[in-house]
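The structure appears right after this line, and notes come after that.
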Amino acid sequence: MAINDWQTCDPRLSVTRRGLLLGGALGVAGWLSQRSALSQVALHPRGENRNILVVVFLRGGADGLSLLVPHGDDTYYRMRPNLSIPKSSLHNLDGFFGLHPAMAPLVPLYESGTLAALHGVGSDDQTRSHFEAMNTMERGVARRDGPQSGWIARYLSATESKHDSPMRAVAVGSTSPTSLFGASHATTFENLADFRLKAPATAHKSLESLYGRGEDEISSSGRDTFVVLRTLEKVDAAKYKPSHSAAYPDSDLGFGLKQVACLVRADVGLEVACLDKGGWDTHVTQGGQVGWLPVQMGDLSKSLAAFATDMGPEMSRVTVVVMSEFGRRIAENAGLGTDHGHGGAMFTLGGGVKGGRVHARWAGLDKPVGPGDVGVTTDYRDVLAEVLRKRMGLRDSGAVFAGYEPAPVGIFS
């Protein structure tokens, strides 16, 4: 929490060194007993210019058949008489699959070879429970058993070095995702402005003087923390101006990606960023060309396109993965929505992506699995393992995915 309210009396009389809390990242225990973790961002940044992975999780089971429409499969139109998108309205990708009209901002990225799509992605877990599916996917497994830590946490552990930044991994949101469970060097925030000491200049100067001369650990921590605060002034999303005329939508995802861009540009040692976008559980009045789901897809595509535009040439070291816990049922339901399914769509964008392609081993919607779902022909771990190997320097994917041997996907270089 930030300090917003200051007494009108002399701050030296009302503030003690042991009473100070700075931002969401500094707690009392850390303040009193060890040097500020955040101070290492300014004092000991990771020396190498590493690639960055951005994971966008679509929570609620995004309808892959609307995100990435198999217009070449006649069963799609037969099973969705009200929700299907006419071929003439789609952005045709390869003669068989097309992007929903609301996903138009992604078309230039696909055509330039920086965006790739996958269909029939998931795991062999047959659950249709949001909680169970998200939990297993974020743990990097396919069953309820296995390690309880997150797959990103295990990646961070497997590749840690002596001078890792405490902002090596961040989650933008109110809670830390399961994928980061067990991680060190990870920070969760809703707004970078949380990392500010909101005080008058006189109070700020007085506080600095409290730590200016001592040689004890608290004094050293205090001095380091003020260095951090000055460093993070460069990472203020409220003042950040996107490059290349990029325009982020006024949404949580747009704001979140804008803050990620701030951190990339500030060079604070960021390697992994996690963002969520909820609202994909479209059981009722899902919408075809207009409605709730197209609004969701519009925000997603505009946010991703703005981020790619903002990053410009720097996007060569940033790779974005968009995923969801499962897809939706093939047939529309009586409420003009769709129910929980199995296989879904996935997107990859940015550095190292072999774009301009749809990766899918399509079995056909006339061959459903379970109660009427799209089958899984690509395990989600194959995609994640490949991006970690090809882009993030991971050598042993078995350590991250609990011994699972991934199959090559060929989507990253």
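The values are calculated or read from the model by the stated rules, or taken from the named source; none is laboratory data. Only a predicted model underlies this, so the values are computations on that prediction, with no experimental measurement involved. Because the Cβ atoms are built from the backbone with ideal geometry, glycine has one as well, and the counts that use them run over all protein chains shown.
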Inset, instruction - Confirm whether residue 332 is assigned to a helix (DSSP H, G or I), among the acidic types (Asp, Glu) and under 27 Å from residue 302 (Cα atoms). - result: no
Inset, instruction - Any residue in the range 98-110 that's more than 18 Å from residue 346 (Cβ to Cβ) and not assigned by TED's automatic domain parsing to the domain that holds residue 352: show its pairings with residues that are among the polar types (S, T, N, Q) and modelled with pLDDT under 95 at Cβ separation under 9 Å, as long as the two are six or more apart or on different chains. - result: none
Legend entry - Hey, residue 279 out of contact with any His (no Cβ under 8 Å at 6 or more places or on another chain), surrounded by fewer than 20 Cβ atoms within 10 Å (Cβ to Cβ) and in a loop (DSSP other than H, G, I, E, B) or not: yes
Inset, instruction - Restricting attention to the range 312-329, report how many residues are free of Cβ contacts under 8 Å to residues at least 60 places away in the same chain and assigned to a helix (DSSP H, G or I). - result: 3
Inset, instruction - With the condition kept exactly as written, say whether any residue in the range 294-314 is surrounded by fewer than 23 Cβ atoms within 10 Å (Cβ to Cβ), within 22 Å of residue 96 (Cα to Cα) and in contact with a Phe, Trp or Tyr (Cβ under 7 Å, 6 or more places away or on another chain). - result: no
Legend entry - Tally, over the range 99-113, of residues that are touching a helix residue (DSSP H, G or I) at 6+ places or on another chain (Cβ under 7 Å) and buried (at least 22 other Cβ atoms within 10 Å of the Cβ): 6
Inset, instruction - May I ask you to list the residues in the range 114-125 that are of a type outside the set (Val, Ile, Thr) and surrounded by 15 or more Cβ atoms within 10 Å (Cβ to Cβ)? - result: 115, 116, 117, 118, 119, 120, 122, 123, 125
Legend entry - Residue within the range 336-347 that is out of contact with any Ser or Thr (no Cβ under 7 Å at 6 or more places or on another chain), buried (at least 24 other Cβ atoms within 10 Å of the Cβ) and under 30 Å from residue 49 (Cβ atoms) present: yes
